[in-house]
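To start, the structure under review is shown below, and the notes come after it.
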Amino acid sequence: MTLVQADTVWHDAGANRDQLALLMRAERSATDLFVLPETFSTGFSNEAVATAEGMDGETVRWLLATARALGAAITGSMQVRLGDRVLNRLLWADPDGTLLHYDKRHLFRMAREQDHYAAGRERLVVEFRGWRICPLVCYDLRFPVFSRNRVRAGGVLDFDLLLYVANWPAPRHEAWRTLLRARAIENLCFVAGVNRCGTDGNGHPYRGGSVLVDALGRTLVEGDDSPGTLHHPLSLSALRDHRQRFPAHLDADGFTLEE
């Protein structure tokens, strides 16, 4: 898989599509999955609600066409308008043309995201090339119950790889690193966090630090504060071996989510 860390251009979807395409094309033969940051087409902005695209918009068409051309899945979030609502919607584009989505459940109240965006409800688990993948968005990282790897019938875990796409500001960088490792360890899975870098149109700095960690919380690859791609292969057999040696999920507490 490849983590794509970009310095998102403020409110310029065309410029962002161009720079992301360049970054992905450089890795096209090396990966099955590209992960883009949160709100990759505009940056994390309440003002971007005014220009939010529909599901038939140019950015969604670009995402599908690029996945097809690269022969890899692509995922990341963008502002999507549905009637009178705008969602921070994570899109998953398969190279075969399949398009799935997850709408960010936890809206970041410190930036008043809940005053401008509608919240999602349901988690998404994608089955892709033998893997089960759960993609979530930024602030969701702080809520371990919603991220929990639940045990299905036969003691099988819900997912193998947990993804977080983010615009996570520099002052909270240590929380980013710590929480990603915690989610990997407690959920017995790989975890990838993809963050933007640079400074946004509101003057907030981002340190990047996109990272992939294994089920023991060990860093497999980690970015600095510059735009670029981070590539690392993942072994499903190694993950299964770890779960067999250390089946802590069999002692997990059952629960249900309530609104």
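Just so it is clear, none of the values below were taken in a lab; they were calculated from the coordinates. Keep in mind it's a predicted model, so treat the numbers as computed, not measured. Cβ sites come from the backbone with ideal geometry, for glycine too, and all protein chains shown count toward neighbours.
For the reader, a short list of remarks on this structure follows.
- Projected label distance in nm at residue 56 and residue 248, using a 7 Å step from Cα toward the beta-carbon: 4.9 nm
- Charges were assigned to the Cβ only: +1 to each Lys and Arg, -1 to each Asp and Glu. The resulting dipole of segment 2-245 about its Cα centre is roughly 820 debye.
- Cβ-based net charge around residue 142, under 11 Å, with every Lys or Arg adding one and every Asp or Glu removing one: +1
- Per residue of the chain, the DSSP helices (runs of n ≥ 4 H) give a summed -39500 (n - 2.57) that works out to -6500 deg cm²/dmol at 222 nm.
- Each DSSP beta bridge with both residues in segment 99-221 is either parallel or antiparallel, and the antiparallel ones are about 50%.
- Relative packing of 183-196, 15-28, 209-222, 226-239, which averages over residues the other C-beta atoms within 10 Å, highest first: 183-196, 209-222, 15-28, 226-239
- The residue among 173, 22, 219 whose Cα reaches farthest toward the positive pole of the charge dipole of the chain, with charges on the beta-carbon of Lys, Arg, Asp and Glu, is 219.
- Label-point gap, in nm, between residue 98 and residue 150 - each point 7 angstrom along Cα→Cβ: 2.0 nm
- When +1 charges are put on Lys and Arg Cβ atoms and -1 charges on Asp and Glu Cβ atoms, the dipole computed for segment 179-259 relative to its Cα centre reaches about 320 debye.
- Stretchable slack from residue 21 to residue 82, in nm (0.36 nm times residue separation minus alpha-carbon distance): 19.3 nm
- Annotation: the residues 161, 36, sorted from fewest to most other C-beta atoms within 10 Å of their own C-beta, follow the order 161, 36.
- Least to most buried among 8, 59 (fewest other Cβ within 10 Å first): 59, 8
- Low-density loop cleavage sites - trypsin sites (Lys or Arg not before Pro) in segment 118-156, where at most 13 other Cβ are within 10 Å (DSSP): 121, 129, 152
- Take every Cα pair under 8 Å whose residues are at least 6 apart in sequence, average their separation, divide by the length of the chain, and the relative contact order is 19 percent.
- Furthest towards positive pole of dipole, 230, 159, 90, structure part segment 2-245, Cβ charges: 159
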